[in-house]
Structures are given as structure tokens and as C-alpha cells.
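Engineer: I am attaching a structure below and will ask some questions about it afterwards.
The values are calculated or read from the model by the stated rules, or taken from the named source; none is laboratory data. The shown structure was predicted, so the numbers you read here are calculated from the model rather than taken from an experiment. Using ideal geometry, Cβ is built from the backbone for each residue, glycine included, and neighbour counts are taken over all protein chains shown.
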């Protein structure tokens, strides 16, 4: 089955990034993550899509490696100058190198059944005191679409054949807790998304 993200890639900017809602939420995220990283830092972008966040961070002097499972997303990101490679987040175990931090924006991690495995992989890749900025779709939010709200509150839905998991900030923090200390939660888009900030724990 062709990934829906592969199909949506050519229209991603129109459908999300350049829409008033998408642009507004992305700018909210940038206001937070801009203060987490410094020029010269090396950051890993999980589910980089067409490269919006990577391009923004690069403009601040930050080196970014983006990964995405959709080949068309990666192709578009590369045309924008992003160092992007096709790789599923589940394949992080095969990635080498050390990073000062990680970003993941707008629900890429909602498509993973086990965030504990992601935390284990990132613990190997992120240096001491490195930061994670993970933006996921919230489990608890308020919107006019009650059917959509009930799907979120149930914790699980299927979208175009893909399992989507909605978790609370507390449950996500527990899954990253062995290696990362939870610092804060920032509501994005009036609760549509939640941006969670973590710091790499010092090795014992």
C-alpha cells in the first residue's frame, strides 16, 4: 500500500504548511525551539516532511539531518537544500552519529505504537544534556468536531490505513523517562498539538 504521506507530499504545503492554521502552529513551535539550540548545534529532525523546520533551523546556523519514511517528502526537502534521507523512525537503530538535540513536529510520533523504543534509540544518539522537542497531536483537546474528539479521547484511530495513537503528556514522559527528563509541555493550536520538551539525563 502506498503511504498516504507519499501521496500528500506534493500538496503538503498547500494543505498544511502554508495554511493559516498550519503556519500559525508552526510559528508557535519555532518560538519555543529557537531557544533550545545554538548555532553550530547538530539536530535530528524526525519525520522531516518537506523540510520546513529544517530550513528554519538552518537559517539560524544549526546543522540538521532530516529523516522521513516517504520518499517524495524527502525529495522535496532535498530540493530546498535539506540534508534529508529516507528512513523510518523505527529504523533509528541503524543511524550513527551524535546530535545535540532532536525535533519532531506535527504528529510523526503519533504513528508509532512504541515510543519506548524511540527513546532507547535517541539515548544512543543524543549527547549529554541534549534536548528533545517533540510535537504530537494531543489526546485531550477541544474542537467542534465531536466525532474527532471522541477518537482522540479513545487513544487510537485509523487514518488512511495507518494506526494513530493519542497519548497524554504524562504517558509519553514515562516512556522517555529512563533516559530523558521531562521539562515542560506547551499547548500548540489551543491544544490541537502538544509540544513536549525533554533533556538528556546524565549517564550514571
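Engineer: Can you tell me which residue is nearest to residue 106 (Cα to Cα) among those in the range 54-67 that are in contact with a helix residue (DSSP H, G or I) (Cβ under 8 Å, 6 or more places away or on another chain) and assigned to a helix (DSSP H, G or I)?
Structural biologist: Taking the range 54-67 first, the residues in contact with a helix residue (DSSP H, G or I) (Cβ under 8 Å, 6 or more places away or on another chain) are 54, 56-57, 64, 66-67.
Okay, now just the ones that are also assigned to a helix (DSSP H, G or I), so 54, 56-57.
Numbers: 54: 14, 56: 15, 57: 16 Å.
Looking at the filtered set, the residue picked out is 54.
Engineer: Right, here's the next one. Out of (1) touching a helix residue (DSSP H, G or I) at 6+ places or on another chain (Cβ under 6 Å); (2) on the phi < 0 side of the Ramachandran plot, what's the single condition that is false for residue 96?
Structural biologist: The single condition residue 96 does not satisfy is (1).
Engineer: Kindly indicate the residue of the range 68-92 that is under 20 Å from residue 117 (Cβ atoms) and assigned to a strand (DSSP E or B) and also nearest to the chain's Cα centre (by Cα) among those meeting that condition. Give the steps one after another, and end with the answer.
Structural biologist: Filtering the range 68-92 down to residues under 20 Å from residue 117 (Cβ atoms) leaves 68-69, 85-92.
Now drop any that are not assigned to a strand (DSSP E or B), which leaves 68, 85-86.
Values: 68: 10, 85: 16, 86: 15 Å.
Selected residue: 68.
Each row is one residue, and each column tells you yes or no for (1) in a helix (DSSP H, G or I); (2) modelled with pLDDT under 95.
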residue: 118; (1), (2): yes, no
residue: 130; (1), (2): no, no
residue: 140; (1), (2): no, yes
residue: 173; (1), (2): yes, no
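Engineer: Now, a different point. Can you tell me which condition residue 84 does not meet? The list is (1) surrounded by 22 or more Cβ atoms within 10 Å (Cβ to Cβ); (2) without any contact (Cβ under 8 Å) to a residue 60 or more places away in the chain; (3) under 21 Å from residue 25 (Cβ atoms), and all the others hold.
Structural biologist: So residue 84 meets the others, but not (3).
Engineer: Does any residue of the range 194-204 turn out to be within 16 Å of the chain's Cα centre (by Cα), within 20 Å of residue 16 (Cα to Cα) and either modelled with pLDDT of 95 or more or surrounded by 12 or more Cβ atoms within 10 Å (Cβ to Cβ) (or both)? Show your work before the answer.
Structural biologist: Looking only at the range 194-204, we keep the residues that are within 16 Å of the chain's Cα centre (by Cα), and these are 194-199.
From what's left, within 20 Å of residue 16 (Cα to Cα): 194-195.
Keeping just the survivors that are either modelled with pLDDT of 95 or more or surrounded by 12 or more Cβ atoms within 10 Å (Cβ to Cβ) (or both) gives 194-195.
The answer is yes; a qualifying residue exists.
Engineer: I would also like to ask the following. With the requirement that a residue be in a helix (DSSP H, G or I), closer than 17 Å to residue 77 by Cα and touching a strand residue (DSSP E or B) at 6+ places or on another chain (Cβ under 8 Å), what does the range 5-53 give you?
Structural biologist: Residues satisfying the conditions are 5, 53.
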